[in-house]
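Each reported figure results from applying straightforward, stated rules to the coordinates on display, with no laboratory input. Predicted model, so just to flag it, every value in this text is computed and none were measured. Note that we place each Cβ from the backbone using ideal geometry, even for glycine, and neighbour counts take in every protein chain shown.
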């Protein structure tokens, strides 16, 4: 397979991953409601499933698709590295400015990946103890 066909395949797979992440995110937000919202919609606490999977299982698929997308994005950047290096001087003239932008992007990327792994959630007792469903 030549380079342009390979790039097209990678781009198509990236597009499908983004669309799948969007669709699954919308599914979890608006269709497979969390427990507190099911009571408001269905009048009682119910468990919701689609194709035999609940919202947490769909969340796992959402994360797997996100990791596949991340891998494809890294591959995409790797395959286009020469083009990126040749475009950067035209977009950002100053060498110092290019380095600052690169450092900011790397720090922001690392922060976005590491932050969810180091934060501590706020723990609260449920407010519905003693209520009848």
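Extension gain, residue 44 to residue 112, is 20.7 nm, computed as 0.36 nm per intervening residue step minus the present C-alpha separation.
With viscosity 0.692 mPa s and temperature 37 °C, the Kirkwood radius over alpha carbon pairs of the range 60-133 converts through Stokes-Einstein to a diffusion coefficient of 199 µm²/s. Convex hull volume of the Cα atoms of the chain, normalised per residue: 161 Å³.
Computed over the range 1-79, the percent of Cα pairs more than 20 Å apart is 46.
Please find, in a Gaussian network model of the chain (springs between Cα atoms separated by less than 10 Å), the residue of 16, 79, 117 whose mean-square fluctuation is greatest. Greatest mean-square fluctuation among the candidates belongs to 117.
Using C-alpha pairs below 8 Å separated by at least 6 residues, the relative contact order for the chain is 24 percent. Sequence-distant contacts, meaning Cα pairs under 8 Å at least 6 residues apart, place the relative contact order of the range 1-79 at 40 percent. As a proxy for reagent exposure, 29, 120 were ordered by neighbouring Cβ count within 10 angstrom, fewest first; the result is 120, 29. Between residue 101 and residue 37, take the C-beta separation as r, use R0 = 35 Å, and let me know the FRET efficiency to the nearest 0.05. So, using R0 = 35 Å, E works out to roughly 0.25. Springs between alpha-carbon atoms under 10 Å, Gaussian network over the chain: tell me which of 68, 31, 101 tops the mean-square fluctuations. The residue that fluctuates most here is 101.
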